[in-house]
Every structure is written in C-alpha cells, then in structure tokens.
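Got a structure here, written out as structure tokens. Questions coming.
What follows draws every value from the coordinates through simple rules; no lab data is involved. Keep in mind the model is a prediction, meaning the values are calculated, not measured. Counting neighbours? That spans all protein chains shown, and the Cβs are built from the backbone with ideal geometry, glycine included.
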Amino acid sequence: MSFINPKTIFTISKKELLDNIRNRWIILLTVIFIILIITFSYVAGGGREDLFGDMEASVTTMMAISSLLIPLIAIILGFSTISGEAESGALYVVLSYPVRRIEVLLGKLLGLGSVIIISILLGFGFGGIVIALTTGSSSWTGYIGFIFLSIFLGFIYLSLAMCISSYCKRRITSIGGGIVLFFWSLIYGTVMMAVLFASGQPINSILTGDLPEWFINSAVFSPSDMHQTAVYRAFGQSAVTFDAGGGGGITSIPIPEFLNLGNLLIAHFIWFIIPLVLAYFLFKRRDI
Amino acid sequence: MITKTIRCPSCKTEITISGNPNEKIDITCSNCNLKGFFRLPSAQTDDRINTNSFAIEVKGLSKMFKDLKAVDNLSFNVRKGEIYGLLGPNGAGKTTTIKAILSLIHSNSGQIKINGFDIKTNGIEARRSVGFLPERVAFYNNLTPLQTMNFFCELWGVDKSIAKPTLTEVGLIDAINRKVGTFSKGMVQLLGVAQVMIGKPPVYILDEPMGGLDARWVKTIREKIKWLNEQGATILFSSHILSEVENLCDRVAIINKGRLIAEDTVANLNKYLKIKPRLSILIKGLDGKVPDKIKELDGVELVEANKDILFVTCEPNIRSKVIITLEKEGYKIVDIKTIEPSLEDAFIKLIEFEGGDN
C-alpha cells in the first residue's frame, strides 16, 4: 500500500532549505530585495508624503519590486530542482532510497517554499518597520494580507517552475522555460494590449482608464497582475489609481466585481495546484 | 512432481532432477561421475525457497528509448551472498538495467524483485533492501559531507550517530567541514560509498564503481566491495573492463545490445572465450617482417608485425621464451608491453560463437 511518509517530506524540505540558504544567488537576491523594500518604503512613506504618504501607497510602490523579485527568486529556486539534479546525478541516490516521488516533490516544494517565506518575511518585516516609523500608519490587516499574497505568489511561481523542471530533460532547457515563465506576465500583457486595440478601443484608453471589463478580468491569466489586483482588494480598494503622467492627473480604473478577493484567491489556488499536480505526474512518469 | 536444476559440487555441471516433493534422489554426475543424493523440497515451500535464495531477480526486462531497444528481454538472477558482475561495452544496457532495478526508469516489460520484493508493487520495501552507488554520483554542492550524511541517515531512518564513524571509515573525516562542491571526483565517490553503507542493506548495486578513478581509488573501492561481501552482503556491480571484475566476482553476466550473451564464473568464461593477453614488442629495424622462429614456437597463437612493433598472442608461460628466442635471433628489443585482453575482444569472440549477432 502506498502512504505518504511525512518524515521523508520533512527530511527533504530541511535539506532543500539548508542547501539553498547557502546558495549565493538566493542570498544576493534576498539582500537586493530587502534593500529595495526598505528604500522604497522609506521614499514612499516618508520622503514624498505629498504624493504617497500612507501604507497603501507604500505597498503600491513595494509591489512593483516584489511582484518582480518574488517570481524571480521562486524561479531560480525551482527551475532546476528536478532537471538539474537528474542531470548531475544527485537525484539517482535520493530516489534509490526507500522514498516515494511524491514525497520528494512535496518536500522540495515545502523546503524551497520556506526559503521564499524567509526572504519575504525579512524584506517585508523590515519594510513594515520602516513604514511604521516614518508614517505611523494603520492598515496592518491590509499589510498582513499583502505579505500573505506575496507568499502565495511565490508558491505559484515555485509550482510553475517545478512543473517546468519536471518536464525538461536537461538543466539548460529548463533555464529557457524559466525565462519564458518570468516574462509571461509581460508577454501576456502585450498580447492582451494588442487584442484590446484590435477590438477597436482607442489607444489612449490605457491612459484614461476607460477599459472594458473583460480586459481587466483577463488579469487572472497573468499571476503577477492577478496578485497586484488581489493586493488592492486586500486593502479594501475597488479601483486602481495611478498617475499616468502627461499632465492627465490621477487616473482611476475601477476593479470589476468579478475580481473580488474570493475569486482572486480561487484563481491563485488554481494557478498553484494545476502546475503542481502536473509536475507530480511528469515527475512520476519520468525516467531519471 | 517437482523439477529442479542443481550444480555438481565438484565440476559445476548442471544436473536436472525431477521427482515427488521430499523425495530423496540419487544422482551421478554425467561429467565427473561424482555420486550423491538430493532431497527435493516439499511442494509448499518450493516457491519460498526459490525466491529466498535470490537477492535480485530480473525476468524478461525490456526498455525502449524512443526507437532504441536499450534492454531486450533480459533475465538473470543474483544469488544471495555473491558478487555478481554485469559486464558489457559502453552502451550495452548495463546502466539501464541497474536503473530499472531501482525503479529510476520505467521498464516497458518484465518483472524485477529485490530480496523477494516486487519493485512495482512493493517498491519501498524493495529499495529498503538495497544501497546504490550510481556511475555519476553527485550530491549537494552547498552541503558539507556531514550534513549530506545526516540527510541520508534521516532518509533511511537510521540514527545519525553513524554518520561520523562512516565518514572516518571511508577516509573523509578530515574534509568533514568542507563543502561537497569543492571535492575531487574520488572524494565524491568515497562519499557515495559512505552513503551506500549507512542503511546496512543486504544488497548493494554499484554502477561502474571504479570508472574514471585512478589506481589508488580503484584498490580502495575493490577492498570495500570485498569487505562488504565478507559481511554477508550481496553485490551487483557493472563494469566495462574485464580486469576489474577478475578475482572479485563469483559470477559475471556479459551483456551486449541489451541482451545477455553469457553468464558464468570468470574462470569458466576465460576458458570458454580463450582470450589470451598479447605481447607488444618494439624491435629496432623490424620493418614489418614476422620472424619465422616465433611462429614455430609451441603455444604461440598469432604473430603480427606492424612497422617496428611485433604483436605476439601466446600462453602467458612462454612469454619469456618468445623474448629469448628473439634475442638469440639477433633482434634488438627496445620495449616490451603486455596488452591485457579487453572486453571488446571477448565480445567479438562471443558474437562469433553466437553465429553473428545480427
């Protein structure tokens, strides 16, 4: 009979955590992440009170960094975790032990996930302290929601990266997969923009915020956009406001009812679980 | 009615006997006329005895990689307590077979048991009985050997206190705080040997354990294999070099193109194959001419000359006679080398025996 042994999962995750805490890329990225978050929260929170000045605004700025760096950290952690170890031979030894492949996969997910959690807690912990000191601001529930959603974003990209790693035969091909994954939100945004203009919308609708609902709702197909929308919702906002520049003043795009926090969390979960299940079947069937 | 094949204890000739369960049967060996008796097992225990006497059973294993048949209906059994060599040239299907035994790859057909456990239905128990040292062993570059060993101890479910003594035993105790990423190939191999020993499994599978290592490491690994076997372990290891398995294996299987072409003791195989080492003699001014006197010597099988090098295939005990004869004839010998028979020579012979492989 096949049962999952939690002890094996724990052992694997501990090893992944230990191995990656000493990985210089992850150290470098985490340090950059922490520095940027502190700087941004200071600049946004204290330095330019006329424009931003409260926690929500600080978070908006921090999000620009985190929604770029968290996926990057997750992809670097996950892209070669199976393909790379299969190529080097480390996986031969582990899988010849009395372990199940699902235990190895879940152990890796939890171990690499805890590296992401540590980076985020360090970065946002320091960021939150700086905001609190400079603004004395209040929406802590929103901020905690932001941290939670950031961790969720990390796990989505980790699950996607592990899926790529399970599929790719070699480390080098999974690097390619990781790059496509990293730029997916950008690629997707560009494609959707083209679809938008092809549908007859004027080009300046992007600036005026006069966008059709389907276009905004399509954010669920881009983890990064979906994440940002969810963060706005976590702060109780129903519109995204930004200064588009060009003297047009503040533009406000209302978030459609479809993108409520509940639906967004379901979308997050789907983005997380489907690649993970796929990764499991690919890994299970894989010849190492 | 039970049928059983046994081997004559003296000359190892196979004898097939049949009779009722528990029946005592008198036997006379057809080859050496040794007389004896054998009691057939009782019907109920027959199956159990059979399974229990094998550490590894491979039955009808086949594996395709796209259009390539890497392993083709391969069957062999490794008896408990023996050192079994899997021999074959590169690409013969040795690693594929080993990976299939460990369920690292999924076979297209066939049944495999380790210590009686079917790898498909009872994989965890099967792998609990075996320690594996892969051909290209690798670990985690950021971990120290002690951290690596602790990890594998936890994975086996054995106490971590054996990590340090095992590292001492393989000679890595001085490097205990270095990252594995800074290790040489030999040191990584030793760590591989250390991890394979922690679970004290009854069966060890070693894929090319001496491949690419220098003579000193090869000696260490050979001694380790012998030692493990003396402790009662069964060992299956693969190699593409005949001299590596000589004096070490109880039996060898030779595979080529994924098929078993011979299975026997090394001594029998050598006799059967009749491969002899070749002498390579560098003679000043030979110029491609074969000296007649050498051809006439007893025990010389083949003499060939290539420019200044004379190749002589002969019985080992007349090598000196060859040299003396050459000197008597006035040839100026510059250098002498012995070329050990390679496995490739064995394959050519075996394929000839099979009457052409394809």
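Just to be sure I understand: of the beta bridges DSSP finds with both ends in chain B, what percent are antiparallel, rounded to 5?
Once the DSSP bridges in chain B are tallied, antiparallel ones form about 75 percent.
For B:Met197, B:Met64, which order do you get if you count the other beta carbons within 10 Å of each Cβ and list the fewest first?
B:Met64, B:Met197
Now a separate question. Quick one: dipole size for region B:276-340, taken about the Cα centre, charges +1 on Lys/Arg Cβ and -1 on Asp/Glu Cβ, in debye to the nearest 20.
Taking the Cα centre of region B:276-340 as origin, the dipole is about 140 debye.
Mind checking the mean number of beta-carbon atoms from other chains within 10 Å of the Cβ atoms in A:262-275?
Per residue, the average neighbour count from other chains is 0.
Work out Dmax and Rg for region B:54-271 from the C-alpha atoms and quote the Rg first, both in angstrom.
17.0, 50
Pull up the cross-link candidates among the lysines for B:Lys66, meaning alpha carbon to alpha carbon under 28 Å and not fewer than 8 places away within one chain.
Of all the lysines, those that pass the test against B:Lys66 - Cα under 28 Å, at least 8 places apart if same chain - are A:Lys169, A:Lys284, B:Lys94, B:Lys99, B:Lys113, B:Lys120, B:Lys257.
Let me test this: with uniform point scatterers at the alpha carbons of region B:216-322, what is the Debye-based log₁₀ I(q)/I(0) at q = 0.10, 0.18, 0.24 1/Å?
Here log10 of I(q) over I(0) equals -0.47, -0.94, -1.21.
List, largest first, the extents of the alpha carbons of region B:113-187 along their principal axes, each in whole Å.
41, 27, 21
What is the spin-label model distance, in nm, from B:Lys179 to B:Glu246 if the labels are put 7 Å beyond Cα along the C-beta direction?
With each label placed 7 Å out from Cα toward Cβ, I get 4.4 nm.
Between A:Val104, A:Val180, A:Val130, find the one with the highest GNM mean-square fluctuation for chain A; connect C-alpha pairs within less than 10 Å.
Residue with maximal mean-square fluctuation among A:Val104, A:Val180, A:Val130: A:Val180.
Which FRET efficiency value, to the nearest 0.05, do you get for B:Thr13 and B:Arg79 by plugging their Cβ-Cβ distance into 1/(1 + (r/R0)^6) with R0 = 25 Å?
My answer for the efficiency is 0.90.
Find the eigenvalues of the gyration tensor of the Cα atoms of the protein assembly as shown, then list the square roots of 5 times those eigenvalues as equivalent ellipsoid semi-axes, largest first, in whole angstrom.
Working from the Cα gyration tensor, I get semi-axes of 66, 30, 23 Å.
Now a separate question. How big is the dipole moment of region B:113-174 about its Cα centre under a simple scheme where the beta carbon of each Lys and Arg is +1, that of each Asp and Glu is -1, and everything else is neutral? Debye, nearest 20, please.
The dipole magnitude comes to about 200 debye.
Counting Lys and Arg as +1 and Asp and Glu as -1, each charge on the Cβ, what is the dipole of the protein assembly as shown about the Cα centre in debye, to the nearest 20?
1660 debye
With axes computed from alpha carbons, what is the tilt in degrees of helix A:223-234 against the longest principal axis of chain A, rounded to the nearest 10 within 0 to 90?
For A:223-234 against chain A, the angle is about 60 degrees.
I've got another one for you. Compute a Gaussian network model of chain B, connecting alpha carbons closer than 10 Å, and tell me which residue from B:Gly116, B:Gly93, B:Gly60 fluctuates the most.
B:Gly60
Would you mind getting me the FRET efficiency between B:His106 and B:Asn31? Use the beta-carbon distance for r and R0 = 25 Å, nearest 0.05.
0.05
Compute the distance from the alpha-carbon center of region A:171-243 to that of region A:5-43, in whole Å.
Using only Cα atoms, the two centres lie 27 Å from each other.
Okay, next question. Between region B:131-192 and region B:224-242, what's the alpha-carbon centroid distance in Å?
Centre-to-centre (Cα) distance: 20 Å.
Determine which lysines satisfy two conditions relative to B:Lys321: a Cα distance under 18 Å, and not lying fewer than 8 residues away in the same chain.
List returned: B:Lys276, B:Lys293, B:Lys295, B:Lys332, B:Lys337.
Over all distinct Cα pairs, what is the inverse of the mean 1/r for chain A, reported as the Kirkwood hydrodynamic radius in Å?
20.2 Å
How tilted is helix A:101-135 with respect to the longest principal axis of chain A? Cα atoms for both, answer in degrees (0 to 90, nearest 10).
Roughly 30 degrees, rounded to the nearest 10.
Further question on the same structure: Expressed in nm to one decimal, what extension gain is obtained for the pair A:Asn217 and A:Ile32 from 0.36 nm per residue of sequence separation less their Cα-Cα distance?
Stretched out fully, the A:Asn217 to A:Ile32 stretch lengthens by 63.4 nm.
In bins 5 Å wide, starting from 0, what share of all Cα pairs of region B:276-340 does each bin hold, as a percent?
Spelled out bin by bin, region B:276-340 gives 4, 20, 35, 29, 11, 1 percent.
How many nm separate the modelled label positions at B:Lys289 and A:Ile179, each set 7 Å beyond the Cα in the direction of the Cβ?
Here the modelled spin labels are 6.7 nm apart.
Specify the residue with the greatest mean-square fluctuation among A:Ala230, A:Ala198, A:Ala74, computed from a Gaussian network of chain A linking alpha-carbon atoms under 10 Å apart.
Maximum fluctuation in the GNM of chain A, among the listed residues, is at A:Ala198.
Ratio of Rg to Rh for region B:74-168, alpha carbon only, Kirkwood?
Here Rg/Rh amounts to 1.01.
Separation between the B:Val158 and B:Ala267 pseudo-spin-labels, each 7 Å from Cα along Cα→Cβ, expressed in nm?
3.4 nm
Taking region A:99-251, how much of its Cα-Cα pair set, in percent, is spaced more than 21 angstrom apart?
61 percent
A further question follows. Which value in deg cm²/dmol, rounded to the nearest 500, describes the helix-derived mean residue ellipticity at 222 nm for the protein assembly as shown, given -39,500 (n - 2.57) per DSSP H run of n ≥ 4 and division by the residue count?
Mean residue ellipticity, 222 nm, calculated: -16000 deg cm²/dmol.
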